[in-house]
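This report refers to the structure that appears directly beneath it.
The values are calculated or read from the model by the stated rules, or taken from the named source; none is laboratory data. Because the structure is a prediction, the values reported are computed rather than measured. Virtual Cβ from ideal backbone geometry, glycine too; neighbours counted across all protein chains shown.
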Amino acid sequence: MSEQNVILEKITAIIRDLFDEYDGPVTMETTANDVAQWDSLSHVRLMVMIEMELGVHFSTSEMQSFKNLGDLVNAAAKQVG
Amino acid sequence: MTSENFPWRPPLSSNWGERLKIFEAALIEGRDLDFHAVRSLAGQRLTTREQLRLERFANKLLKSDIPSPTFAPVSIGLLGNRTLSYLPAPLAAAGLARGLAISSVEAPYDSVASYAYSPSDCFGKPLDAVLVVLDETAFANKRPILDRAAEEEAVAAAEDLFSALAAATLEKSQCRPIFATLPAAQQVSSAELATPGTSARFRHLVNLKLAEGAMLGKWLIWDQAALASRVGIENWLDPIRYHAAKIPFRIEMCPLASDSIAAVLAAMKGKSARALVLDLDNTLWGGVIGDDGLAGIRLGQNSPEGEAFVAFQNFILSLRDRGVVLAVCSKNTDEIAREPFRNHSEMVLKESHIAVFQANWNDKATNIRSIAETLGLGLESLVFVDDNPAERERVRQELPMVSTIEVGEDPSFFIERISQSGLFDHLPLNTEDISRAESYGGRAAAAEVRAKIGNYSDYLSSLEMRMTIKPFDGAGRSRVTQLINKSNQFNLTTKRYGEQDVQRIEEDPDQLAWQVRLEDKFAQHGMIGVIIVRKDGAAWTIDTWLQSCRVLERGVEQTVMDALFDTARRAGASTVHARYVPTDRNGMVSQFFPAFGFDIVERCDDGSITYSQEVDQYAPHTTFIDVSIAD
């Protein structure tokens, strides 16, 4: 399994925890628009949980640049790998 | 991260998730819940995941209409110049751990000025309190460096804003505000406080104004600054999200902040703890008074540990000065337990400080209930402090409404854990508050002893005890000798033997000499018993039977006695003889042999009693200890 897949799997677990009413797919293309519970409030919390789980830190500009989960996974992979 | 911030809470129980599921299902089906159990689940050391689940559960519980007498409803407004949207869910969760059902309404973003100065009311209903969290940017006045006049003006303007908010809160929401103190600023120099115009100095001056207003009863304060300095300002603040999400402090800190706010709300609702119930041995002094004696316990100048116990006692006395009622709950003989209070020169606490003095050999949960009844206080207003994890577990199982603090076993941390717990949080005190402890008197009276409560077998089986019985050997010799010469209380004959005597017994084929060790899921208790039996053909005689008082009422003596009679039977012995030699210390075992069915043979002139028991008449016991016997 590639580094990206491992990270996506961990993030998927967090998303299932945080957005308990969402049962759709979680992929590299998933965005906040796909998940009803994913509002600006829970977004910050999601980022915090991902940072804690993966042991990474995103900078202010990095976080602004994420267009979908894939961007986030790739940014995390750079730090983990 | 979340769990590390709550060292005073008990660790997460292994079945936390399953237990919460049961409550979630009950909530959906509208069934009654065991609210005390909910409270103790909420009060454990949660990780991020459990925290999230608890928050969701708390929100559902608040929305349901199941009456919950355990949780006092509190409804608060949240007002700030930064977003406080991250607080309602953790506040609801934190409330459950402190016996509160906290529902909060957040004011629209940055409506501080309109709430303070215009007729508009963003909450639109009466509340129990309005929590106001302002950071430095809420105070607009310019403060040029070294310009004291401008600084004074800025502080006066801040005070005006607080007064206007207090007036608005009273008028619109019919309650008082709770102002958050301002956390310390990053320091450019170590002269910040001495440099007019700096952020650090401004925040300090504003905090003093908040304190003065609180003393006058104009408002309450939530000491955010103290909490931030406890965790470290770098951990408290999150510069990235301060700018990105307009949060006043780090999101991960929300559970801790909420718990600390809940402590203020609990104090406001009269739900703070009122009494502190204290264990004695290894809690107020080092060592066991019954075994080590007045000269042997560690208290004061003779050791670093002793100094820590003195500091702890001074702290306890300072709690009493604030009105906290003190009680003692100890497994000890009453007279012996009182000895340090009366005769130890380093003892800070005296009998006159203790309202109820409960020293006996009963189960602590039962004794704590008696203490509450004697004081006329509810169990939920009691805090229990004991260095022994098994005792804490027992009290948590039987009396979940009592707050049992995870003080650990090192006395150097006791003060910190009790302070951090916030259980004794209080509003600014008045003279009536501080006379409360006095009103209970220093009777140091013992409460009536009640029947044992709860299912004790479940508790014993949950301890997962394992016992090892081995003949004396070289490795255990010095500890065996130590126990033989130190044990006073649980000691039937109090015979003393030196190390060479012990070695002689070890090598003597006509003596059975056992060293008994015990461990459970909390601790390795090490060697907790020594048995010496003389084998004289078919007649065996118990020469020495002693046990440590750390592990009483666990079924230890039953397990060992069963093993002894089993061994005697296999060896072809027919009778076991025994003797009890009373001393001024071993009254607790005066009924030891009769309880095992031994018959009295003779009452001797020196006060000792001899017994005997036929081997084939002996009835074994049901115990909860896995035992292994090595030859």
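The single condition among (1) surrounded by fewer than 18 Cβ atoms within 10 Å (Cβ to Cβ); (2) farther than 26 Å from B:Glu391 by Cα; (3) away from chain A (no Cβ under 14 Å); (4) out of contact with any strand residue (DSSP E or B) (no Cβ under 8 Å at 6 or more places or on another chain) that B:Phe23 does not meet is (1).
Just one of the listed residues (B:Asp128, B:Asp121, B:Asp110) is at pLDDT 95 or above and not aliphatic (A, V, I, L, M), and it is B:Asp128.
Tell me which residues, restricted to segment B:242-274, are under 23 Å from B:Arg49 (Cβ atoms), within 13 Å of another protein chain (Cβ to nearest Cβ) and of a type in the set (A, V, I, L, M, F, W, C).
Start the filter on segment B:242-274 by keeping residues that are under 23 Å from B:Arg49 (Cβ atoms), which leaves B:245, B:247, B:249-262.
Checking which are within 13 Å of another protein chain (Cβ to nearest Cβ) leaves us with B:245, B:247, B:249-255.
Across segment B:242-274, the qualifying residues are B:Ala245, B:Ile247, B:Phe249, B:Ile251, B:Met253, B:Cys254.
Annotation: B:Ser258 fulfils all but one of (1) modelled with pLDDT of 95 or more; (2) surrounded by fewer than 18 Cβ atoms within 10 Å (Cβ to Cβ); (3) not assigned by TED's automatic domain parsing to the domain that holds B:Asp425; the unmet one is (2).
Filtering segment B:551-574 to residues that are acidic (Asp, Glu) and either crowded, with 17+ Cβ neighbours inside 10 Å or within 18 Å of B:Gly597 (Cβ to Cβ) (or both) leaves B:Glu557, B:Asp562, B:Asp566. Filtered by the rule that a residue be within 36 Å of the chain's Cα centre (by Cα) and facing another protein chain (nearest Cβ under 10 Å), segment B:232-241 gives B:Asp238, B:Pro239, B:Arg241.
Is segment A:64-81 home to any residue that is surrounded by fewer than 17 Cβ atoms within 10 Å (Cβ to Cβ), of a type in the set (Asp, Glu) and closer than 26 Å to B:Thr83 by Cα?
Step one: filter segment A:64-81 for residues surrounded by fewer than 17 Cβ atoms within 10 Å (Cβ to Cβ), giving A:64-65, A:67-68, A:70-71, A:74, A:78-81.
Among the residues that remain, those that are also of a type in the set (Asp, Glu) are: A:71.
Within this subset, residues satisfying the condition of being closer than 26 Å to B:Thr83 by Cα are none.
Taking every residue of segment A:64-81 in turn, none turns out to be surrounded by fewer than 17 Cβ atoms within 10 Å (Cβ to Cβ), of a type in the set (Asp, Glu) and closer than 26 Å to B:Thr83 by Cα.
Annotation: B:Asn141 fulfils all but one of (1) at pLDDT below 95; (2) assigned to a helix (DSSP H, G or I); (3) within 12 Å of B:Phe202 (Cβ to Cβ); the unmet one is (2).
Among residues of segment B:135-151 that are under 11 Å from B:Thr198 (Cβ atoms) and assigned by TED's automatic domain parsing to the domain that holds B:Tyr242, those with a beta-carbon under 7 Å from a residue that is modelled with pLDDT of 95 or more and acidic (Asp, Glu) at least six positions away or on a different chain give the pairs B:Arg143/B:Glu151.
Scanning segment B:517-534 for residues that are of a type outside the set (A, V, I, L, M) and not in a strand (DSSP E or B) gives B:Asp520, B:Lys521, B:Phe522.
Being in contact with a helix residue (DSSP H, G or I) (Cβ under 9 Å, 6 or more places away or on another chain) and of a type in the set (S, T, N, Q) is the filter; apply it to segment B:92-115 and report the residue that is farthest from B:Asn59 (Cα to Cα). In this case the residue turns out to be B:Ser104.
For segment A:35-60, the set of residues classified as free of Cβ contacts under 8 Å to residues at least 12 places away in the same chain and either within 21 Å of B:Pro255 (Cα to Cα) or more than 10 Å from chain B (Cβ to nearest Cβ) (or both) consists of A:Asp39, A:Ser40, A:Leu41, A:His43, A:Val44, A:Val48, A:Glu51, A:Met52, listed by residue number.
In the list B:Ala225, B:Ala214, which residue meets the criterion of being under 27 Å from the mean Cα position of the chain (by Cα) and touching a residue at least 40 places away in the same chain (Cβ under 8 Å)?
Numbers: B:Ala214 fails: under 27 Å from the mean Cα position of the chain (by Cα).
None of the other options fit; the residue is B:Ala225.
For segment B:54-72, the tally of residues that are more than 22 Å from B:Met268 (Cβ to Cβ) and among the β-branched types (Val, Ile, Thr) stands at 1. Take the conditions exposed (fewer than 13 other Cβ atoms within 10 Å of the Cβ), over 23 Å from the mean Cα position of the chain (by Cα) and small (Gly, Ala, Ser) and apply them to B:Ala513. Does it pass? Criteria not met by B:Ala513. Of all the numbered requirements in (1) within 23 Å of the chain's Cα centre (by Cα); (2) without any contact (Cβ under 8 Å) to a residue 12 or more places away in the chain, B:Ala267 misses one, and that requirement is (2). For segment B:284-325, residues that are of a type in the set (A, V, I, L, M), under 22 Å from B:Trp361 (Cα atoms) and without any contact (Cβ under 8 Å) to a residue 60 or more places away in the chain total 3. For segment B:213-269, a residue qualifies if it is in a helix (DSSP H, G or I), touching a strand residue (DSSP E or B) at 6+ places or on another chain (Cβ under 7 Å) and over 16 Å from B:Phe424 (Cα atoms), and the qualifying residues are B:Ala214, B:Gln224.
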